[in-house]
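*Asks:* I'd like to ask you about the structure that follows.
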Amino acid sequence: MKRTDTDDTLVVTAAPTYQIRALHTASTVTVYQAYAPEIASPAARNGRFPAAWKRDRMTWIKPSFLWMMYRCGWATKEGQERVLAVEITREGFEWALRHACLSHYARGVHADQAAWKRELRRAPARVQWDPERDLHLNPLPHRSLQLGLAGDAARLYADEWTVSIADVTERARAVHTLVRENDLAAAGRLLPAEQPYPAGGELLAHLRA
């Protein structure tokens, strides 16, 4: 989504079905997660996930701010009251993509279901492509990347890849207020500037469903 140059109309532009869109710099990419305050507060304060953050569990990171809003209900769901913007290294993000497996069997990507199951058991990361969302959290025709990290990937994410953690809950609430007031142009101006991530064909070839 973007604003036109001549007015405040928010327009939805066409996007490839499987494309990573994210706020990113030359060295980092920002992903979103939502947690209860007991995890989010120390994480945002210290810029690192606390010991209470379970490094032996799968954790899902989302480059799309609006998909995070869909998942956490604008920071209203229990246990997801605080939204974190986690800036991680592009090197780590791309390592996870290279070592990821689709979370479901896809004909043409996997030789057969048995091969997919073997790959899934080995992979430290997995990928889902879920419908991207608009400001009303309705599904769009193109997909949004969800990246699940487990085992070594989860530990690397928490302890090595993370560059900074910011609490963006108030921003989420401000966008939601504007959406409820039907001021979509103003809401759109508060969204992160997510742009297509420069992922080459080799990075996503095994992850397009």
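What follows is calculated from the coordinates using simple rules that are stated; it is not laboratory data. Every value quoted in this text rests on a predicted model; they were computed, and no experiment measured them. Here the Cβ positions follow ideal geometry from the backbone for every residue, glycine too, while neighbour counts run over all protein chains shown.
*Asks:* Below 23 Å Cα-Cα, how many Lys pairs turn up in the chain? Only count pairs eight or more apart in sequence, or on different chains, if you could. Kindly include the intermediate steps, with their values, before the conclusion.
*Replies:* Details: Lys2/Lys62; Lys54/Lys62; Lys54/Lys77; Lys62/Lys77.
Taking the Cα cut-off of 23 Å, the pair count is 4.
*Asks:* Tell me, what is a quarter of the convex hull surface for the C-alpha atoms of the chain, in nm² with one decimal? Please report the intermediate quantities before stating the final value.
*Replies:* Working: hull surface 47.5 nm².
Convex hull of Cα atoms, orientation-averaged projection: 11.9 nm².
*Asks:* Let me ask something additional. Which listed residue (Ala114, Ala26, Tyr70) has the Cα farthest towards the positive end of the charge dipole for the chain, taking +1 on Lys and Arg C-beta and -1 on Asp and Glu C-beta about the Cα centre?
*Replies:* Value computed over the given set: Ala114.
*Asks:* How big is the charge dipole of segment 39-157 about its Cα centre, in debye rounded to the nearest 20, if each Lys and Arg gets +1 on its Cβ and each Asp and Glu gets -1 on its Cβ? Mind showing how you got there, number by number?
*Replies:* Working: 20 positive and 12 negative charges, 71 e Å.
Dipole of segment 39-157, to the nearest 20 debye: 340 debye.
*Asks:* Could you put Asp159, Asp130, Asp167 in order, starting from the residue whose Cβ has the fewest other Cβ atoms within 10 Å? Show your work: numbers first, answer last.
*Replies:* Numbers: Asp159 12, Asp130 15, Asp167 18.
Going from sparsest to densest Cβ surroundings: Asp159, Asp130, Asp167.
*Asks:* Sticking with this one: Sorted by mean Cβ packing within 10 Å, highest first, what order do the peptides 44-53, 142-151 take?
*Replies:* Per-residue mean Cβ counts within 10 Å order the peptides as 142-151, 44-53.
*Asks:* Would you mind checking segment 178-204 for residues with the amide N under 12 Å from a putative spin-label position 7 Å along Cα→C-beta of Ala166?
*Replies:* Correct set: 191-193.
*Asks:* Turning to a different aspect of this structure: Rounding to the nearest 20 debye, state how big the charge dipole of the chain is about its Cα centre with +1 on each Lys and Arg Cβ and -1 on each Asp and Glu Cβ. Please list the in-between numbers first.
*Replies:* Numbers: 28 positive and 24 negative charges, 135 e Å.
So the dipole magnitude of the chain works out to roughly 640 debye.
*Asks:* How many percent of DSSP beta bridges within segment 64-209 run antiparallel, rounded to 5? Don't skip to the end; give the middle numbers.
*Replies:* Values: 13 of 17 bridges.
In segment 64-209, approximately 75 percent of DSSP beta bridges are antiparallel ones.
*Asks:* May I ask for the net charge around Ile165, where only other residues with Cβ less than 13 Å from the Cβ of Ile165 are counted and Lys, Arg are +1 while Asp, Glu are -1? Could you put the intermediate results ahead of the total?
*Replies:* Values: positive: Arg45, Arg48, Arg82; negative: Glu87, Asp159, Asp167.
Charge balance in the 13 Å sphere: 0.
*Asks:* So, by mean Cβ neighbours within 10 angstrom, what's the order for 20-27, 122-129, 199-206 with the highest one leading? Intermediate values should be presented prior to the final figure.
*Replies:* Details: 20-27: 17.0, 122-129: 19.4, 199-206: 12.9.
In descending order of packing, they fall as 122-129, 20-27, 199-206.
*Asks:* Let me ask something else about it. Nearest 20 debye, what's the magnitude of the dipole of segment 150-209 about its Cα centre given +1 on Lys and Arg Cβ and -1 on Asp and Glu Cβ? Can you show the working numbers first?
*Replies:* On the way: 6 positive and 9 negative charges, 48 e Å.
For this selection, approximately 240 debye.
*Asks:* For the chain, what does the helix formula give at 222 nm: sum of -39500 (n - 2.57) over DSSP H segments with n ≥ 4, over the residue count, nearest 500 deg cm²/dmol?
*Replies:* On the way: 8 runs with 64 residues, N = 209.
That comes out to -8000 deg cm²/dmol.
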